[in-house]
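Engineer: Please find one structure pasted underneath; my questions will follow.
Readers should treat all values here as calculations from the given coordinates under stated rules, not as data from a laboratory. Quantities reported herein were computed from a predicted structural model and do not represent experimental measurements. Backbone-built Cβ (ideal geometry, glycine too); neighbour counts: all protein chains shown.
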Amino acid sequence: MYVCHCNVVSDHTIRAVIADGARDVGDVTDACRAGGNCGGCVPAIEDLLAEAAAAVREPALVGLRQAARRRLAGGGPFVPVPVVVRPAAL
Ligand code: FES
């Protein structure tokens, strides 16, 4: 799905940019130009950044939220996906 229509940038590209280290809208714009024109997509970029940050903080809850969103979107039965959180190595 296109997030930034001005620069034809998809959510997949923005997620990849975030996974590569973008931490704010400016980083995303620098990496893929999304958000660098009218700014109409900035709230959606912020949502993707927040989603990625939440996935780091609360991986199990994000998995449940994604399953719930899929269910609400008609994507099949609600089946929570178990998420294994390993403690960081000491
Ligand atoms: S829609 Fe992204 S800058 Fe205009």
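Engineer: Order 29-42, 7-20 from most to least packed using the mean count of other Cβ atoms within 10 Å.
Structural biologist: 29-42, 7-20
Engineer: Then there is this: For Arg33 and Val8, compute 0.36 nm times the residue count separating them, minus their Cα-Cα distance, and round to one decimal in nm.
Structural biologist: Full extension of this stretch gives 8.1 nm more.
Engineer: If you stretched the chain out fully between Ala54 and Asp20, how much longer would it get, using 0.36 nm times the residue separation minus the C-alpha to C-alpha distance?
Structural biologist: Between Ala54 and Asp20, full extension yields 10.6 nm more.
Engineer: While we're here: Mind listing the long-range amide H neighbours of Val3? Cut-off is under 5 Å, sequence gap 5 or more, other chains count too, H placed in the peptide plane at 1.01 Å from N.
Structural biologist: So Val3 has HN proximity to Val9, Ser10, Asp11.
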